[in-house]
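Worksheet: the structure to be examined is printed underneath.
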Amino acid sequence: MIGVYDSGYGGLTILRALRHALGQYDFVYLGDSGRAPYGGRDVNAVLDFSEQCVARLFEERCELVVVACHTVSCTALRHLQRMFAPSSHSPRRVLGVTIPTAEAAVAVSAGNIGIIGTQRTIQSGTFVTEIAKLSRYRVTAHAAPLLAPIVEQAWEQTDIAKQAVARYVSDFKNVDTLVLACTHYPLLIDAFLEAVPNGIRILDPSDYVAERLAHWLTQHPGFVKQGRGSLDVLCTGHPDEFRQHGKRFLGAELPTVRHIAEERGRLAHRNEVQIVQGQVVR
């Protein structure tokens, strides 16, 4: 099985492309919606949360985990790859979305690339570093901290969304390609198309990420066993809410969503969501 991990709903846009390209594989999706958003989090919190989420996916018997969240991929991927390094008894792998996204941007750009993402993604400087390895293209990167919450509220078709996108896009001068470096942003594509000047390409890297993973699997035959195209979904938030909102990102109904929650430093399955009121003593 292939695990796909995101801080919440956004990674379902990556999962949609992965399932379209690799429909013969079984997937487990984990959305850490109970602790989202990650974009403004301290880097150590991102490391802690990502460790727990990736560990949970390997416990679900995934052979490979794709970190679909750009914030985590830009800040914690190397840490996760070292922590969950393959061994003789566990040939597991952790892959991210940053390098495929950088490759896609260089492939389509004429030389001036814009990166728009969360505060943590932009502060990491990872996209600037990875693009510099591939080209001498100019890179302009700006954070857009309001956009993911707007999508979480299902406001992507409102004037608020259009105004926010237009304000952030105005920070980019003379770019020919604008990379949507947050998995929430594809739901704002109409607002982006309206805001950017003619001739600027808007790049949603989802399909390219799926293409690169398909290529990786051909280079590692048998690493992940093919299945029946099943999908299992886990979340740390409320399962009913996740299933309701998740279909906007996946473009299809989600199966039953199972609830997981942090208990003593790891994510464990729970039969029901605990609604906590008042003071808590542990």
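Bear in mind these aren't lab numbers, they're just calculated from the coordinates by the rules spelled out. Computed from a predicted model, the values in this text were never measured in an experiment. Virtual Cβ from ideal backbone geometry, glycine too; neighbours counted across all protein chains shown.
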Top positive-direction residue, dipole computed over segment 98-204 with Cβ charges, set 134, 200, 117: 134
Of 45, 174, 13, farthest towards positive along the dipole that unit charges on Lys, Arg, Asp, Glu beta carbons give the chain: 45
Footprinting exposure proxy for 207, 32, 240 (fewest neighbouring C-beta atoms within 10 Å first): 240, 207, 32
Under the Karplus curve 6.51 cos²θ - 1.76 cosθ + 1.60, θ = phi - 60°, whole-Hz ³J(HN,Hα) for segment 122-134, x wherever Gly or Pro sits: 5, 4, 5, x, 5, 5, 4, 5, 5, 5, 5, 6, 9
Assigned charges on the beta-carbon of Lys, Arg, Asp, Glu; the chain dipole about Cα centre (debye): 600 debye
Mean separation of Cα contacts under 8 Å, 6 or more apart, over the residue count of segment 1-143: relative contact order %: 23 percent
Difference of contour (0.36 nm per residue) and Cα-Cα distance, residue 154 to residue 194: 12.6 nm
Integer Hz, Karplus 6.51/-1.76/1.60 couplings in order for segment 3-9, x for Gly and Pro: x, 10, 10, 9, 5, x, 7
Within the chain, helix-based [θ] at 222 nm, where runs of 4 or more DSSP H residues each add -39,500 (n - 2.57), nearest 500: -12000 deg cm²/dmol
Relative contact order [Cα under 8 Å, 6+ residues apart], the chain, whole percent: 25 percent
Whichever lysines have a C-alpha closer than 29 Å to that of residue 133, once near sequence neighbours (fewer than 8 apart) are set aside: 173
On Cα atoms only, tilt of 43-59 relative to the major axis of the chain in degrees: 50 degrees
Choice from 272, 103, 152 showing the highest fluctuation, given a GNM over the chain with Cα pairs closer than 10 Å: 272
Fraction of alpha-carbon pairs over 23 Å apart in segment 98-204 - percent: 20 percent
Charge dipole (debye, nearest 20) of segment 98-204; +1 at Cβ of Lys and Arg, -1 at Cβ of Asp and Glu: 440 debye
Residue list for segment 38-69, given a label point 7 angstrom along the Cα-to-Cβ vector of residue 24 and an amide N cut-off under 18 Å: 63-64
Positive-pole candidate from 96, 146, 25, dipole of the chain, charges at beta carbon: 96
HN-Hα J in Hz across segment 204-217 - Karplus 6.51, -1.76, 1.60, θ = phi - 60°, x for Gly and Pro: 8, x, 3, 5, 5, 4, 5, 4, 5, 5, 4, 5, 4, 5
Nearest 10 degrees, 0 to 90: helix 159-169 Cα axis against the chain principal axis: 70 degrees
Angle between the chain longest axis and helix 239-250 axis [Cα atoms, degrees, rounded to 10]: 40 degrees
Proximal aspartates and glutamates to residue 162, defined as alpha-carbon separation beneath 14 angstrom and excluding residues fewer than eight positions away on the same chain: 190, 194
Fully extended contour minus Cα-Cα distance, from residue 142 to residue 42, at 0.36 nm per residue: 34.2 nm
Distance from segment 169-224 to segment 92-122 (C-alpha centre basis), Å: 8 Å
